[in-house]
1. Given C-alpha coordinates of region 114-260, what is the ratio Rg to Rh with the Kirkwood estimate of Rh?
2. Taking the Cα centroid of region 144-190 and of region 256-312, what is the distance between the two, rounded to the nearest whole Å?
3. For the pairs Lys33/Lys403; Lys99/Lys296; Lys128/Lys283; Lys158/Lys401; Lys57/Lys128; Lys26/Lys273, note any where the Cα-Cα span goes beyond 31 Å.
4. Hey, what did the chain get for relative contact order, percent, Cα under 8 Å, at least 6 apart?
5. How would you rank His245, His211, going from fewest to most other Cβ atoms within 10 Å of each one's own Cβ?
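Read the figures in this text as sums done on the coordinates, not as results from a lab. The shown structure was predicted, so the numbers you read here are calculated from the model rather than taken from an experiment. Positions of Cβ are backbone-derived with ideal geometry, glycine not excepted, and every protein chain shown enters the neighbour counts.
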Amino acid sequence: MKSRILLLILLIGVGSLNAKAQQLKKIFDDTEKQTSFMLDQVNQTKTAWLNDVQNKKKPEVVSPRTLTPDGKLVMVPAKDWTSGFFPGVLWYIYEFTGKEQWKEKAEAFTANLEKEKFNAGTHDMGFKIYCSYGNGYRLTNNTSYRDIIIQSAKTLSKRFNPKVGCIRSWDHNKEKWDYPVIIDNMINLELLFAATRLSGDSSFYKIAVSHATTTMKNHFRSDYSSFHVVDYDTLTGNVIKKTTHQGFSNESAWARGQAWGLYGFTMCYRETKNKAFLNQAEKIAGFIFNNPTLPKDLIAYWDFNAPNIPNEPRDASAAAVMASALYELSLYSTQGKYFRGIADKITSNLTSQYRSKIGENQGFILIHSTGSKPMNSEVDVPLNYADYYYLEALLRGEKLKNKKPLF
Ligand code: GLY
């Protein structure tokens, strides 16, 4: 009798694992159809763009980013901070399906970004190069990708100021900030850690640790919410002011900024095993997931202090970044089960409530993200980075279930 009950429990367990695997297969089947549709839209948009004489002197557009308010596809050149996400989406589809056709597409869209390895005019190198070439290298071991990652890290390192202890984020708005560092910049550190592993040159690692340590000291409030922009004096290394650019106010908690912090400090713990970074990630998660303004479905409004909650747009991109970060954090934290449960709930809600129908939204996977509400730019739209982190979260959730390594 006892052994029959045990067998029944085992069969139910296996059945539910199979059902989940089937569900994921269906999501990726849909994603393949939707992304094939997007590739057609990308071709058409690019052809029309190339045929327009007004674009003759402009840098060529290479990756889809979002939609215009009237639903047209917005494509961006390689230098745009989001250019690496679509190649990353293609690599994730290849990772799940193993189909050569997706590898070929991923390689082609990744190759469009190579010249960025010399672009020292931006801190967004990690977003651009690690989501594209980083995933490509992880999945193919192509040595030319490794060289591009190392060169990109060299270029990014030029933006590090040892007096400040951080990489400079932006060069624009020089009248507003002397040396702006934004919380988003935490994500670019992953490229530096990888470059040290791949080259043996520890200077990249040291810059990443310095940036994370300085950010931990200056970007956070006592409740572990973060400011968006911290401006530094390059002569003294002191903080001049703490402000925002994409949040509701200087004192508010911009949702995607909180997500970048959560993801960034979790990744820094992976790379350094410094417990202070793990503690920081756990505390950031505590701020986010105990926040009274977080909706029941766990898809945050664009800012935790937005004035008209619940009548404010959501940011599915922030939720996707959070879910992916939490899956990783669940590996390291004593609260791992709790964090994994939240990540499961977010991915499940994104899947059921925030996905485009196949053939709609020019092929983007998720809807209801917000780029910059204060500038009334990209409000309640699809965004390529929401799609990227959503697929990453799905893959991480699946690897955890199968007890496979995440990286
Ligand atoms: N890194 C820019 C953004 O999150 O909007």
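1. 0.99
2. 22
3. Over 31 Å apart, Cα to Cα: Lys99/Lys296; Lys158/Lys401; Lys26/Lys273.
4. Dividing the mean separation by the residue count of the chain yields 14 percent.
5. Fewest-to-most ranking of His245, His211: His245, His211.
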